[in-house]
1. Are any of the residues in segment 162-177 open to solvent by 10 Å² or more (accessible area, probe 1.4 Å) and aromatic (F, W, Y)?
2. Looking at segment 49-71 only, could you name the residues that are outside any loop (DSSP other than H, G, I, E, B) and not β-branched (V, I, T)?
3. Can you tell me how many residues within segment 72-93 are under 15 Å from the mean Cα position of the chain (by Cα) and either loosely packed, with under 15 Cβ neighbours inside 10 Å or in a helix (DSSP H, G or I) (or both)?
4. For D38, which of the numbered conditions (1) closer than 19 Å to M148 by Cβ; (2) free of Cβ contacts under 8 Å to residues at least 40 places away in the same chain; (3) not in a helix (DSSP H, G or I) fails to hold?
5. Which of the residues spanning segment 143-160 are open to solvent by 20 Å² or more (accessible area, probe 1.4 Å) and under 19 Å from A94 (Cβ atoms)?
6. Of all residues in segment 105-127, count the ones that are touching a residue at least 40 places away in the same chain (Cβ under 8 Å) and open to solvent by less than 50 Å² (accessible area, probe 1.4 Å).
7. Within the set of pairs 6+ apart or on separate chains, which have a first residue in segment 15-27 that is modelled with pLDDT of 95 or more, a second that is part of a loop (DSSP other than H, G, I, E, B), and C-beta atoms under 7 Å apart?
Amino acid sequence: MSSPSPTARAVRTLDEPALTAALLQVTDMPTGYSEDPDQTPPKDKTFCNYQQPHTPTVQARRLFIKGGGLSAEVASVGLRQYADAAQAAAVFDALVTAMQTCKGEKMDGKQNTYAVMSMPKVGDKTIGIRIDVDGATVLQGFALSGPMLVSAGVGGLMNVSGDVAADLLTKQVGRYTDAAKG
């Protein structure tokens, strides 16, 4: 008989303050990042407008920025908590299914191109997505961890590192798991 995975045991739901506290802090970031003061909530947009089967019960997001001008880099981390692990898994599976056929779309008059990319195996399941738009590249990782969909990504015009995106996703899953155990 196998024992449950560490994330399967981490099912305690978090309220919004606890979820926000579980986000990576500026001190967790690679050298040179600062917290972005413009924390504008993202549009509730999915890749190629795929339908999410469930709505998060609570979510939190934090943005960071490094450098300036053409060499500026942005990073984001996010947590979306669902009613239970089954709902989160259904949302993750819908994302994976969409990315099997969603290779791009027009948004705000600009063509976005998408490609699935490698990402470390953290949490219960992971997927990486490369987004190219208007000369900029965003590398975004998503991990399923119990009732949580964890995201972390980096983007920029000149400098963007898959290793940084992978490291942030790994750290964010760990930080969430620690908070859910507490």
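The values are calculated or read from the model by the stated rules, or taken from the named source; none is laboratory data. All figures in this text were calculated on a predicted structure; none of them were measured in a lab. Because the Cβ atoms are built from the backbone with ideal geometry, glycine has one as well, and the counts that use them run over all protein chains shown. Note: accessible area is taken over every heavy atom of the protein model, side chains too, but ligands, DNA and RNA are not part of it. Shrake-Rupley method; radii C 1.70, N 1.55, O 1.52, S 1.80 Å.
1. Checking segment 162-177: not a single residue is open to solvent by 10 Å² or more (accessible area, probe 1.4 Å) and aromatic (F, W, Y).
2. Of the residues in segment 49-71, the ones outside any loop (DSSP other than H, G, I, E, B) are 49, 58-66, 69-71.
Result: N49, Q59, A60, R61, R62, L63, F64, K66, G69, L70, S71.
3. 5
4. Exception for D38: condition (1).
5. If we filter segment 143-160 for residues that are open to solvent by 20 Å² or more (accessible area, probe 1.4 Å), which is where we start, we get 151, 157-160.
Residue satisfying the conditions is S151 alone.
6. 8
7. The qualifying pairs are A22/L14.
The rows are residues; the columns are (1) aliphatic (A, V, I, L, M); (2) in contact with a strand residue (DSSP E or B) (Cβ under 9 Å, 6 or more places away or on another chain); (3) at pLDDT below 95; (4) farther than 17 Å from T13 by Cα.
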position: A90; (1), (2), (3), (4): yes, no, no, yes
position: P147; (1), (2), (3), (4): no, yes, no, no
position: N159; (1), (2), (3), (4): no, yes, yes, yes
position: A165; (1), (2), (3), (4): yes, yes, no, yes
